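This report concerns only the one structure given below.
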Amino acid sequence: MNVDTVFAIVDHHEKDFRDQQLYAGTYHWMGTEYSIMKGPTGIIAPFMSGWCSFLSRELMGFIVDKDWPHTVMVGNYGTTSDDANTGKWVQHAMQKHGIKVRLVGEKMITEIEKMKPQG
């Protein structure tokens, strides 16, 4: 993970989008690209995926505290994709609590050259 990129995303968000929560990842999906993203009830929600994704603290609080009953019932509406399910939880928090969430899709992984074996 490129920590400088993550810090830049957070710094930009805190400077220019203080009224919104943050949900960031390497890839931004709309949730409509493949039917499997919908789950059994057909709920469509944008989500982030990739090697790295993160949510702001307050947004996580909705998912694991205030909306816990909804979160644990994911078997009824979710998919086999934890990324797609996270998008459903974020969407639920937005609808239920009227919060704004900024989704940021940006490459956060920096590939490095393989180290040559010593010896």
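Given R₀ = 30 Å, what would the calculated FRET efficiency be for Lys15 paired with Ile44, taking r from the Cβ atoms and rounding to 0.05? Spell out each step's value before the answer.
Numbers: r = 31 Å, r/R0 = 1.04.
The calculated FRET efficiency here is 0.45.
What net charge do the residues around Phe17 carry, taking every other residue with its C-beta under 10 Å from that of Phe17, with Lys and Arg at +1 and Asp and Glu at -1?
Its environment carries a net charge of +1.
Give or take rounding to whole Å, what are the principal axis extents of the alpha carbon atoms in region 1-102, in descending order?
38, 27, 18
Using r as the Cβ-Cβ distance of Lys66 and Val3, and R0 as 25 Å, what FRET efficiency do you calculate, to the nearest 0.05?
0.25
Based on a Kirkwood Rh over C-alpha pairs, give the Stokes-Einstein translational diffusion coefficient of region 47-93 at 25 °C and viscosity 0.890 mPa s in µm²/s.
Values: Rh = 10.9 Å.
Rounded, D is 226 µm²/s.
Averaged per residue, what accessible surface does the chain expose to a 1.4 Å probe, in Å²?
On the way: 8020 Å² over 119 residues.
Heavy-atom accessible area per residue stands at 67 Å².
How about region 1-103: which trypsin sites (Lys or Arg not before Pro) there are in a DSSP loop, with at most 13 other Cβ atoms within 10 Å of their Cβ?
Numbers: sites: Lys15, Arg18, Lys38, Arg57, Lys66, Lys88, Lys96, Lys100, Arg102; in loops: Arg18, Lys38, Lys100.
Passing both the DSSP loop test and the Cβ count: Arg18, Lys100.
What is the helix-to-structure angle for 3-16, meaning the angle in degrees between its Cα long axis and the longest Cα principal axis of the chain, kept from 0 to 90 and rounded to the nearest 10?
Around 50 degrees separate the two axes.
The values are calculated or read from the model by the stated rules, or taken from the named source; none is laboratory data. Keep in mind that what you see is a predicted model, and the values were worked out from it rather than measured. Every residue, glycine among them, receives a Cβ derived from its backbone with ideal geometry; neighbour counts consider all protein chains shown. We work out accessible area using only protein heavy atoms, side chains counted, and drop any ligands, DNA or RNA first. Shrake-Rupley method; radii C 1.70, N 1.55, O 1.52, S 1.80 Å.
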